[in-house]
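This is the structure I have questions about; it appears just below.
The values are calculated or read from the model by the stated rules, or taken from the named source; none is laboratory data. Everything numeric in this text was worked out from a predicted model, so none of it was measured. Cβ placement follows ideal geometry from the backbone for every residue including glycine, while neighbour counts extend to all protein chains displayed.
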C-alpha cells in the first residue's frame, strides 16, 4: 500500500473515532432508561425543522452510502459489507462508513464482482424502510 493510501486510511480512522465519540457522547444521555431511549430519542428527531432536516439528510445519505458500499464491496471483494450497514444503523453511519472506506482502500487491487440477488433485495428493503422513515420524520 502506498504512503498516500496509508495516510488516507489514517484520516478515515480519525474520522471514525471522532464520530464515535461525538455521536455516542450525545446518545448516552438516553441510556438511563432503555424504554426512554425508544420513547424519547425518536421523538426528539422531530422536535424542530432543523432536527427533521438533519434526520432526513442522514437517512438519505445512509441509503446512498449503503448502495455505494454494497457495489464497491462486491467490486473489490470487501467482506462483511452488511455488517458495516447494520453497524451504521446501530452505531452511526459516520463511524462505519469511514471504516468501510478503510477496508475498501485495502482491497482496491482485487477483481470486480457483480451484486448478488440478496444484495439487490436487501438494498430495496432498506430503501423502503428509509423512505418510510423520511415520511415519518418529515410529517410533524
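Report the residue count in the range 12-26 for those that are closer than 14 Å to residue 103 by Cα and either at pLDDT below 90 or surrounded by 15 or more Cβ atoms within 10 Å (Cβ to Cβ) (or both).
Within the range 12-26, residues that are closer than 14 Å to residue 103 by Cα and either at pLDDT below 90 or surrounded by 15 or more Cβ atoms within 10 Å (Cβ to Cβ) (or both) number 2.
Given the criteria touching a helix residue (DSSP H, G or I) at 6+ places or on another chain (Cβ under 9 Å), within 17 Å of residue 91 (Cα to Cα) and modelled with pLDDT under 90, does residue 31 qualify?
Considered against the rule, which asks whether it is touching a helix residue (DSSP H, G or I) at 6+ places or on another chain (Cβ under 9 Å), within 17 Å of residue 91 (Cα to Cα) and modelled with pLDDT under 90, residue 31 comes out as yes.
Among the residues of the range 82-101, which ones are over 18 Å from residue 22 (Cβ atoms) and surrounded by fewer than 20 Cβ atoms within 10 Å (Cβ to Cβ)?
Within the range 82-101, 82, 83, 86 qualify.
Within the range 56-79, can you find the residues that are surrounded by 20 or more Cβ atoms within 10 Å (Cβ to Cβ) and without any contact (Cβ under 8 Å) to a residue 24 or more places away in the chain?
Result: no residue meets the conditions.
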